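First up is the structure itself, then whatever we jot down about it.
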Amino acid sequence: MANPSLLILAGDGIGPEVMDQVKRIIGWFGDKRDLTFDVSEDLVGGAAYDAHGVPLHDDTMAKAQEVDAVLLGAVGGPKYDNLDFSVKPERGLLRLRKEMDLFANLRPAQCFDALADFSSLKKDIVSGLDIMIVRELTSGVYFGEPRGIHIEDNMRVGINTQRYTEAEIERATRAAFDLAMKRNKKVCSMEKANVMESGILWRDVVTEIHADYPEVELSHMYADNGAMQLVRAPKQFDVILTDNLFGDILSDCAAMLTGSLGMLPSASLGLPMANGRPKAMYEPVHGSAPDITGQGKANPIACILSFAMALRYSFDEGAEADRLEAAIEKVLADGARTADLMGPEGGTPLSTTQMGDVILAALD
Ligand code: NAI
Ligand code: MG
């Protein structure tokens, strides 16, 4: 069988710096675990604009549609801030998400014990936390019509519409249940079925689809209560399924339970391709961090954990993903820290490359 294929789009700022460490990790899996990927690389964001005058070349878009998974670093930076909206670096990212139809956004909130002190919550509430928020990404109130601001009775009125078809709810729901089958078989769906018809439909469709996943334990929660429960007792959850708006807020809230931006990975999944794998793009949550670009200070862990998600969710290599995450857990427990993970006690931080070195050593 052909090797699985990866397209690396390192992007701008610290994107290429953190991606260099991911490439070393990918190489390690080929050398030591007989898990070889066909890796190709291309440009996105400002780097693509500099080369082609567009933030994503059509050829790159076509490649992204063909590969098994895309790994993206970060886009943007001050150099591109004054570009016309149509060619801004972010447009490259948005084009990828839109044309690949990546409707399920996966945002884990995973707390490494060694970093539990970074949380704004008490250590025992977050220690060992490992939850996954599945946010519907391509529909809902950010896209529904009618929308706009108009005048009614001499008064300005602002309108946005929460709109979901059952097909849109179904595909996000299946993504969440499929994910749950690879985790702890537990899904909590969050909406506001008490006050929103779209929430009633959401709850009905999720309940119907659940019939196809009898092994998964399903619960429903109103999203406002969900927000309270996330900060009160987050470990009660495994997979949380929710819509675009609630997911935007709940995923940011859950992410901060775990501390640093330099630690947060994400995945965006679409429909299954002919080979059964979902269309997929994996990327750290952070941006291009112009304030530390070129200084060797960037924490590569968010990007490395994004590759771990690719192993688990695109390539069915859950045990190898566990191996990589365990290596990261170990180096953190041993005290390895990039500058963003330094507490008030101080010490000498590791550089981006040194963090890569210790993770590779832990893998060995
Ligand atoms: P940012 O995430 O780039 O940086 C926020 C702060 O976190 C900075 O102080 C940065 O140094 C720090 N930081 C981020 N990642 C880090 C890492 N891996 N290791 C250590 N420290 C890290 O967000 P900001 O400053 O709002 O945006 C900078 C640029 O990135 C902008 O052009 C923005 O449009 C773009 N951006 C791109 C995103 C993407 O590619 N998905 C997401 C967010 C912002
Ligand atoms: Mg947000």
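Read-outs: derived from the displayed coordinates by stated rules, not from any lab. Since we're looking at a predicted model, the values are computed, not measured. Please note: Cβ atoms are built from the backbone with ideal geometry, for glycine as well, and neighbour counts cover all protein chains shown.
Quick notes
- Global form of the stretch 99-220, assessed from the alpha-carbon gyration tensor, a/c cut-off 1.5: oblate
- Karplus-derived 3J(HN,Hα), 6.51/-1.76/1.60, for each residue of the stretch 150-165, Hz, glycine and proline x: 9, 9, 9, 6, 6, 10, 6, 10, x, 10, 9, 10, 7, 9, 9, 8
- The ranking of K63, K123 by Cβ neighbour count inside 10 Å, starting from the fewest, reads K123, K63.
- Neighbour-limited loop hits for GluC sites (Glu not before Pro), the stretch 288-364 (at most 16 other Cβ within 10 Å; DSSP other than H, G, I, E, B): E345
- Burial ordering of D58, D68, D101, fewest other beta-carbon atoms within 10 Å first: D58, D101, D68
- Within the listed set K297, K182, K192, the Gaussian network model of the chain (springs between alpha-carbon atoms below 10 Å) gives the highest mean-square fluctuation for K182.
- Of all DSSP beta bridges in the chain, antiparallel share, percent nearest 5: 45 percent
- The phi-based Karplus calculation (6.51 cos²θ - 1.76 cosθ + 1.60; θ = phi - 60°) puts the 3J(HN,Hα) values of the stretch 258-265 at 9, x, 8, 4, x, 10, 9, x Hz, whole numbers, x for Gly and Pro.
- Interchain or long-range residues, amide H under 5 Å from L129's placed H: C111
- Dipole of the stretch 137-256, positive direction: furthest Cα of S189, N160, W202, with charges on the beta-carbon: S189
- Helix-only mean residue ellipticity at 222 nm for the chain, each DSSP H run of n ≥ 4 adding -39500 (n - 2.57), per residue, nearest 500: -12500 deg cm²/dmol
- Among the GluC sites (Glu not before Pro) in the stretch 181-277, those located in a DSSP loop and surrounded by at most 13 other Cβ atoms within 10 Å of their own Cβ are E215.
- Hz values of 3J(HN,Hα) by residue in the stretch 72-79 - Karplus curve (6.51, -1.76, 1.60), Gly and Pro given as x: 10, x, 7, 10, x, x, x, 4
- Neighbourhood net charge (15 Å Cβ-Cβ; Lys/Arg +1, Asp/Glu -1) for A64: -3
- A298 long-range amide H proximity, modeled H, under 5 Å: T352
- Of K98/K186; K98/K235; K98/K330; K122/K185, pairs whose Cα-Cα distance is over 31 Å: K98/K235; K98/K330
- Exposure proxy order (Cβ contacts within 10 Å, fewest to most) of L201, L72, L341: L201, L341, L72
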